[in-house]
Amino acid sequence: MLKTTTVVVGAGHGGLAMSHCLADRSIDHVVLERGEVAHSWRTQRWDSLRLLTPNWMTRLPGYAYCGEDPAGYLAAPDVVELIADYAKETAAPVRANTTVTSVRQNGDGYVVQTDQDCWQARSVVLAAGASTVAKVPALQAGVPAGITTLTPAVYRNPGELPDGGVLVVGASASGIQIAEELHRSGRPVTVAVGEHVRMPRTYRGQDILWWMDAAGLLAERYDQIPDLVRARRLPSMQLVGSPDRRTLDLNSLSDLGVRLVGRLVGIRDGIAQFSGSLANTFALADLKLGRLLDTIDAWAARAGVDSEPRQRFAPTTVPAATPLTLDLRSGETRTILWATGFRPDLSWLDVPVFDRRGEVRHDGGVTTSAGLYLMGMPFLRRRNSSFIDGAGADAADLSDHLTHYLHIN
């Protein structure tokens, strides 16, 4: 059995940020990766995808973007190259193509079994990512035979789909981006809209994330939030990382000719059924956007920021006729894309840290099992924990905690 002080599971940006922090603290460790470095960016991203965060926010411990387009957005192959280069520059001890098959407690540490070898470690960091497995609702069982179903993890481009209409279920970042791309390919597209976070790409002359970063909103800590459970379950922001920095929201989709319907609530006898509360869903998203912009404006006034005048955006327009059903047997719809989110895959974790929902119990990434840590989950320690830009601060905090744990045990 091989021995090390810490095993880091996952060589994405979160695992590599943790590796950098551990190395700075002279903690010997190994990073185990089921594929190559940045595996999910290599295998689970569609062709046109770009980061939602501007390039200047592509920051990791010991690294900051220094290219010629700080206001742009990296394409998926560029993200792969960036993360791979970061692994090389930091000399991260990555063991690629090594799949973890189990992690279990053993005395004062853990045994990490892989398909290659076995490790004994005093501590383990779970950095395998929050977006490993697509969450597809159970109602998919009612989809009639002959309709292609897929998720953003396997979607690549419109040319791979059959001709005909597409039902996109979900209106967060992935859903609206793919819906627009499919519509521009000539396909009729319907988007089933549930709870979403409306967001302009730019505000008062700056990227919206510049404002959120400067005002300290992205750095808000998990222990400062009144309803942390809800904050961690919010859908991703409706943003697209386009070179022209345009806003893509439900109004712009509707203007293009995309049909908007309510949340998909069931499929019975081949008939898709939608909620009738679309107007309320729109109103809630618009209200939250207004509150965010009020917060930014108040901060800008206090900080004396010189920028363009304050803006407000037109309410999301409710379609004149919103169907409550769609006959999936008619031939109109040939494809359903489930843009309904992702979840981590920790099926190999044999440690009693799961709650009744199957989620790991933790306090800002410190799990209920001593020496076991979590990285990369939404709002883990800060609002930007799931961003590349948020990994460094979280890794620094958790590596401090891990160092203290090692010294007293």
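General observations
- Its residues counted as N, region 263-409 yields a C-alpha radius of gyration over 2.2 N^0.38 Å of 1.55.
- Cα convex hull volume per residue for region 316-363 (Å³): 205
- Rg/Rh ratio calculated on Cα atoms of region 135-338 (Kirkwood radius): 1.01
- Peptide packing: for 338-345, 255-262, the average count of neighbouring Cβ atoms within 10 Å per residue gives the ranking 338-345, 255-262, highest mean first.
- Calculated diffusion of region 2-95, Stokes-Einstein form, Kirkwood radius summed over Cα pairs, 10 °C and 1.306 mPa s, µm²/s: 114
- Cross-link partners of LYS88 among aspartates and glutamates (Cα-Cα below 18 Å; sequence separation of 8 or more within a chain): ASP24, ASP28, GLU33, GLU36, ASP78
- Magnitude of the charge dipole for the chain, about its Cα centre and with charges confined to Cβ atoms of Lys, Arg (+1) and Asp, Glu (-1), is about 900 debye.
- DSSP bridge pairs, region 186-329: antiparallel proportion in percent, nearest 5: 70
- Each of TRP41, TRP299 has some number of other Cβ atoms within 10 Å of its Cβ, and from fewest to most they run TRP299, TRP41.
- To the nearest ten degrees, helix 278-303 and the longest principal axis of the Cα atoms of the chain are 60 degrees apart.
- Separation of alpha-carbon centers, region 320-399 and region 124-194, rounded to whole Å: 17
- Angle of helix 391-408 to the longest C-alpha principal axis of the chain, folded into 0 to 90 degrees and rounded to 10: 30°.
- Degrees between helix 173-184 axis and first principal axis of the chain (Cα, 0 to 90, nearest 10): 40
Values in this text are rule-based calculations from the coordinates and carry no lab data. In this text the structure is predicted, and so the values were computed from the model without any measurement. Don't worry about glycine lacking a Cβ; one is built from the backbone with ideal geometry, like all the others, and counts go over all protein chains shown.
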